[in-house]
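Derivation of every value follows stated rules applied to the coordinates shown; laboratory data play no part. Everything numeric in this text was worked out from a predicted model, so none of it was measured. As a convention, Cβ positions derive from the backbone with ideal geometry for all residues, glycine included, and neighbour counts pool all protein chains shown.
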Amino acid sequence: MLLYLFKETLALWNEALTVVRGEEAVFKVHYWGAEPCLYDNQPHKHSFFEICYVLDGEGQYSEDAIVYPLRAGTLFCSRPGIVHQIRTDQGLNIVYVAFEIDENASEEGMREAFNELALQGDTVRYEAENLPTVQLWRSLLIREGQGSLPSAAVHPVAYALLISFLAAFGTLTKAPVIRHSTTQVLMRRAKLYIRDNLSQALLLKDVATYLSVSERHLSRLFSEGVYESFTNFIRGERIGQAAHLLLNSDLAIKEIAEMTGFSSVHYFTRTFLKEKKVPPGRFRQKEKR
């Protein structure tokens with residue numbers, strides 16, 4: 001039986017594979033994951049692909065009111081903009097990757113293929129253990145003892161893995177341990193989650209649960225990583241996105257307030273005025289002149 005070194009694997013992936021380049025495409029990888037026991041997360045969405053493979057365990061994956069059972073050998077794809085959730089009683093042994101194609105650095109054919117995948121790719125593949133995609137992914141896992149890929153092969157295999165998702169979901173026929181990368185990855189994931197889910201309440205406990213860390217640890221990450229509290233960071237992101245929408249859309253102020261997670265127009269206006277020294281309506285008029 002193969003034994004995988006998840007901690008070492010995760011450190012390698014998130015240090016060496018943040019940008020994956022190949023002949024036809026370049027990918028920006030937001031984060032990789034390799035967890036021996038992943039539990040429930042809250043309903044959420046991303047602005048990028050997140051693709052997962054279940055090594056062991058059982059649970060459920062839901063999106064668009066459809067519930068898919070999860071078991072060993074299940075490969076599934078969360079497409080950009082789709083609200084989704086994982087639920088499991090016993091935990092899942094799972095690997096996952098969150099990425100997007102670099103539109104400016106990739107060939108047209110690849111851009112079109114991933115755009116099609118975002119729109120109409122399959123969601124779940126069962127009994128996927130023999131798919132090339134899964135074989136590639138397993139080969140990237142660091143194994144106890146001998147049998148791991150040489151470091152020079154990791155990047156090409158990662159590129160092949162990302163490209164293989166097109167076929168897997170129907171739109172086309174010893175490593176170093178980086179000790180401090182975990183904090184950086186957690187902060188990057190937290191910021192991405194917050195920015196992609198601004199319309200939600202975004203409580204500290206919910207974000208901590210999504211990241212599988214304690215509330216205290218997450219709070220400390222923000223105070224040490226961005227030198228402001230979790231609450232202040234979220235407020236800044238909400239106001240920043242609201243300002244962007246005020247200047248770059250014709251949406252009503254009420255709609256913008258809802259989209260950026262404010263409970264009422266009054267609360268939005270009061271908070272915006274405090275941060276920008278001008279109310280939303282006047283800000284829009286002044287900056288659009």
Report task. Evaluate the charge dipole of the chain about its Cα centre and quote only its size in Debye, nearest 20, assuming +1 on the Cβ of each Lys and Arg and -1 on the Cβ of each Asp and Glu. Result -> 1540
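Between Glu255 and Tyr267, 0.36 nm times their residue separation minus their Cα-Cα distance comes to what? List each step's numbers first, then the result.
Values: separation 12, 0.36 × 12 = 4.32 nm, distance 1.33 nm.
Value of the extension gain: 3.0 nm.
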Report summary line: Quick calc, Arg188 & Gln120: beta-carbon distance into FRET formula, R0 35 Å, rounding 0.05, result 0.75
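Sum -39500 (n - 2.57) across every DSSP H segment of at least 4 residues in the chain, then divide by the residue count to get the 222 nm mean residue ellipticity, nearest 500. Kindly include the intermediate steps, with their values, before the conclusion.
On the way: 11 runs with 132 residues, N = 289.
Helices in the chain give a 222 nm mean residue ellipticity of -14000 deg cm²/dmol.
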Requested in this report: Please work out how much length the chain gains when fully extended from Gln285 to Asp196, using 0.36 nm per residue of separation minus the C-alpha to C-alpha distance, in nm with one decimal.
Outcome: 29.3 nm
Query raised in the report: Which trypsin sites (Lys or Arg not before Pro) from the stretch 11-47 combine a DSSP loop assignment with at most 15 other Cβ atoms within 10 Å?
Result: none
Query raised in the report: Can you pull the percent of Cα pairs in the chain with separation above 27 Å?
Result: 46
Requested in this report: Report relative contact order for the stretch 177-289 in percent, whole number only (criteria: Cα-Cα under 8 Å, sequence separation at least 6).
Outcome: 21
Query raised in the report: For the stretch 104-252, rounded, prolate or oblate, judged on the Cα gyration tensor with a ≥ b ≥ c (square roots of eigenvalues), a/c < 1.5 rounded, else prolate if a/b > b/c?
Result: oblate
Query - Extreme residue, positive dipole direction of the stretch 12-103, given options Pro69, Ala34, Val20 (C-beta unit charges) - result: Pro69
Query raised in the report: Fully extended, how many nm does the chain gain between Lys7 and Glu107 (0.36 nm per residue separation, minus their Cα-Cα distance)?
Result: 32.6 nm
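Pairs Lys28/Lys276; Lys45/Lys205; Lys28/Lys191; Lys45/Lys191; Lys205/Lys274: which exceed 21 Å Cα-Cα?
Result: Lys28/Lys276; Lys205/Lys274 exceed 21 Å.
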**Report entry** P(r) histogram, all alpha-carbon pairs of the stretch 181-287 included - 5 Å bins from 0, percent
**Finding:** 2, 12, 23, 22, 14, 12, 9, 4, 1
Requested in this report: Evaluate the charge dipole of the stretch 181-287 about its Cα centre and quote only its size in Debye, nearest 20, assuming +1 on the Cβ of each Lys and Arg and -1 on the Cβ of each Asp and Glu.
Outcome: 280
Query raised in the report: If each residue's Cβ is checked for other Cβ atoms within 10 Å, how do Ile51, Ile82 rank with the fewest at the top?
Result: Ile82, Ile51
Query raised in the report: Dipole magnitude of the stretch 35-154 about its Cα centre, charges +1 at Lys/Arg Cβ and -1 at Asp/Glu Cβ only, in debye to the nearest 20?
Result: 280
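Among the chymotrypsin sites (Phe, Trp or Tyr not before Pro) in the stretch 211-289, which ones are in a DSSP loop with at most 12 other Cβ atoms within 10 Å of the Cβ? Mind listing them?
Numbers: sites: Phe222, Tyr227, Phe230, Phe233, Phe262, Tyr267, Phe268, Phe272, Phe283; in loops: Tyr227, Phe262.
Hits after loop and neighbour filter: Tyr227.
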